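The values are calculated or read from the model by the stated rules, or taken from the named source; none is laboratory data. Keep in mind the model is a prediction, meaning the values are calculated, not measured. Backbone-built Cβ (ideal geometry, glycine too); neighbour counts: all protein chains shown. Keep in mind that these areas ignore ligands, DNA and RNA; they rest on the heavy atoms of the full protein, side chains included. Shrake-Rupley method; radii C 1.70, N 1.55, O 1.52, S 1.80 Å.
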Amino acid sequence: MARPSVRVFHKLEGLFSIYKPPGVHWKLVRDTIETNLLKGINAAPPPAPRQRVQFLAESTSVVAEGSNELTLSAASVPALAHHPLVSGPDFQHIGVGVGHRLDVFSSGVLVLGVGQSNKALTDLYRSHVTRDYTLEGELGMATDNFSHTGRLIERTTYDHITRDKLERVLAMMQGSNQKALLTYSKVDMSTQGAYELAVKGELRPDGKSPPIMTGLRLLHFQPPHFTLEVQCLNETQRYLCRILHEVGLELRSTAVCKGVRRTRDGPFTIQHALTHQHWTSPDVIQAIRQYRSSRKASKAKHTQPGKDTGTTDHLC
Amino acid sequence: MALTCIQHCQRCTSLLRSRSVGITTLQYSTDAQHWPAALWNSFIVPVLPSLLQRSPNPSQTRQRWNLGVRSYCESHAKVQPSQTKHRNTDELPGTDMVSYQNPVSHQLIDGGMLLKEWQTAFDLDDAPGHSALEEISHEEAVRMDIPAALPPVSISLKDYVNESETLGKLVQLGVQLWKLEQRPNVGSMLLRLDFQTDVTPRLVFLKQLGVEDSRLGYLISHNPFILTESLENLQARVAYLRSKKFSAESVASMVSRAPYLLNFSVKRMDNRLGFYQQQLGLSAQKTRDVVARLPRLLCGSLETVKENLKICKLEMGFRENELQHIVTVIPKVLTANKRKLTQIFDYIHNTMNIPHDLIVKFPQVLNAKYLRIKERHLFLQYLDKAQYDPAKPNYICLDKLVSLPDEAFCTEVASATLKDFELFQKTM
């Protein structure tokens, strides 16, 4: 019979996503969540104290007779060695793993896994799932680390930039990324299978590849501010800030990144990500259950017409 | 020979009984070199567990003593190698291994006269009378006391808690032994304490001071060294605090909230009280209030407080009287993290454009979390409600911005639902 704390721990073993706020290191987030989950696990009431039998001697008087009768009485005393104050809480550490990391400047969906599901997390990490980002940029400035918190290097004008020009530049970048994707996917372009994959948009790089953007779109343009939506693989947040900088350069001006926000990481969307007031064990258990049921529903939907979903099938 | 042995044994037991101790790791001195080590072991090892089991009957102890001597004489070959190993580990300093040094054994070793008497009294050629296979009567078997198999050295107090009275009573008080055993040397120290002579007077002293029973466990879990501080020192420090006109209740509350308070000398406390009164420029009563609210001001280092005061005056630009007001309302500002304090002040003053006098009116904002202030301010800005000037209409009080829980903040201040606030948080 498992202890109540072990049962709660088994319920917590799964993948879930949280919303990381900007300005916080991902490790601090992971440590906070581990502490909160431990509180939930150890909150279960401790089991009844074990008893041990101790024999207490009661000797009767010896004075007159030669032999003395020694009677022993059995007393049941609590065995303190297993008391929670002596042995400590049941769980003092749990393994909480982090998926694709987010740096301090960015915010967004961060996938975490507990216990056994860290294996599924490594599979997710290594598989070629795409991620969605929303990048906010500002024209007219250039800094040393491509974001608005860095040291200012250059100021330029941006009056000549129109939406049309910006979209042309983005289309050009998307084209070059598409070519890179075709090269790294190592499929023979003259086959029917390759054509079908390309039509469905399921071409993925085979093995290691540099960061590739599979989709790039302008969401909002109001000079000097603009917002881009990006779908990419194998990226880092610093690379995305550099993309914005290059967009500025292509437009004969400069641009800095004001915010990087991840809205999707593989199958985890921002809709079900937990905000920081919900980083507690009951909310996490519910998030895990909800993700599992959504996976089951999507699998049922996909297996009906007889198609496979590519690389994300083996995730729990 | 047996009679002199018994006399020596009685002397030993009386010495040892005066301080109940755990199992010893043996201390060898030059005097004992010519005494066969195994036989030395055989005298010490059987006695102590019987003491822990608190058998006050001297005749019984004597019988056990005799039996013990007989049984251990045969097992000396097994005992010796393990004892030497313990001796080696004993020399390692600073490990968190719980090892015991029987201070009374020093007396036994140093009392050269005792040794010499033993040497002459105990005849090595005398074969032991009983063998292990000998049949004994039922009463003798029942009377035979088997000492508990306590390990001489251990990394955890679990092994000793069943036998030790001190540890058992500490667990009943609510002391977290699992945390204390991780601190170096604390486990050994707790085991060496005698409950009647060491722990009880101090607990009685704390109770007389006014500390509640439920807080005693917390106090000892955080500061186990209060049990080794001498009673005269403790009384002198409490007398000093009373002489500085702290009321009895406030002294009790200070001691229960700052467990290390009574371990600091009178001179140090006096130094700190003087520093706070001088630097903050507050009256005696107000300084007392501040210290009573945050007693750890008297415990920690003054350097951090000096730096925090400098930051408030120079970097933030608060005037003397403004600083006094802030410290009387929120004493925690003196011990807050410098980086976080400047980050919050920078956001409030430069981004939210709140002037100094408004911050002084609501110093709680300096104590809040940066993320909370930022999220709530941006939410209000998104709803066009971020107006903190009391002169203009639709004024939002800073106190409400920071101290209300999320639900109340959304409904009262922002007139939006909690769901909207969460959706907004995900757009940040």
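Things worth noting here:
- Using all pairs of distinct alpha-carbon atoms, the Kirkwood hydrodynamic radius of the range A:9-60 works out to 15.6 angstrom.
- Note on A:Lys179 and A:Arg217: with the Förster distance fixed at 22 Å, the Cβ-Cβ geometry gives a FRET efficiency of about 0.75.
- Shape class for the range B:348-423, computed from the alpha carbon gyration tensor (a ≥ b ≥ c): prolate, with a/c not under 1.5 and a/b above b/c.
- Among A:Gln92, A:Gln271, A:Gln192: highest mean-square fluctuation, GNM of chain A, C-alpha pairs under 10 Å: A:Gln192
- Pairs of Cα atoms farther than 35 Å apart, chain A, %: 42
- The alpha-carbon of B:Lys207 sits under 22 angstrom from the alpha-carbons of these lysines, leaving out residues fewer than 8 places away in its chain: B:Lys169, B:Lys244, B:Lys245.
- Among the residues of the range A:1-43, those with an accessible-area drop of 30 Å² or more from chain alone to full protein complex, heavy atoms and 1.4 Å probe, are A:Tyr19, A:Pro22.
- DSSP loop trypsin sites (Lys or Arg not before Pro) with at most 11 other Cβ within 10 Å: longest gap in chain A: A:51-150
- Rounded if a/c under 1.5, otherwise prolate or oblate - the range B:171-225, Cα gyration tensor axes: oblate
- Value of D in µm² per second that Stokes-Einstein yields for the range B:196-262, Kirkwood Rh from Cα pairs, at 37 °C (0.692 mPa s): 276
- Residue-count net charge about A:Leu228 - beta-carbon cut-off 10 Å; Lys, Arg +1, Asp, Glu -1: -1
- Overall, the anisotropy analysis places the range B:267-403 in the prolate class: the square-rooted eigenvalues a ≥ b ≥ c of its C-alpha gyration tensor yield a/c not less than 1.5, with a/b exceeding b/c.
- Radius 13 Å from Cβ of A:Pro89, net charge of other residues (Lys, Arg +1; Asp, Glu -1): +2
- Working note: Debye formula, equal point scatterers on the alpha-carbon atoms of the range A:172-297, no solvent; log10 I(q)/I(0) at q = 0.10 Å⁻¹ is -0.48.
- Computed over the Cα atoms of the range A:84-168, pair by distinct pair, the Kirkwood hydrodynamic radius stands at 17.7 angstrom.
- Residue pairs, from the table A:Lys301/B:Lys426; B:Lys374/B:Lys419; B:Lys361/B:Lys385, whose Cα atoms sit over 26 Å apart: A:Lys301/B:Lys426
- Computed over chain A with a Gaussian network model linking Cα atoms closer than 10 Å, the most mobile of A:Gly113, A:Gly88, A:Gly248 is A:Gly88.
- Top of A:Ile33, A:Ile94, A:Ile212 by mean-square fluctuation, Gaussian network on chain A, Cα under 10 Å: A:Ile94
- Gain upon complete extension [A:Gln54, A:Val77; 0.36 nm per residue less C-alpha separation]: 7.6 nm
- Set B:Lys306/B:Lys340; A:Lys20/B:Lys340; B:Lys338/B:Lys400; B:Lys332/B:Lys369; B:Lys313/B:Lys338; A:Lys39/A:Lys296 screened for pairs whose C-alpha atoms are more than 21 Å apart: B:Lys338/B:Lys400; A:Lys39/A:Lys296
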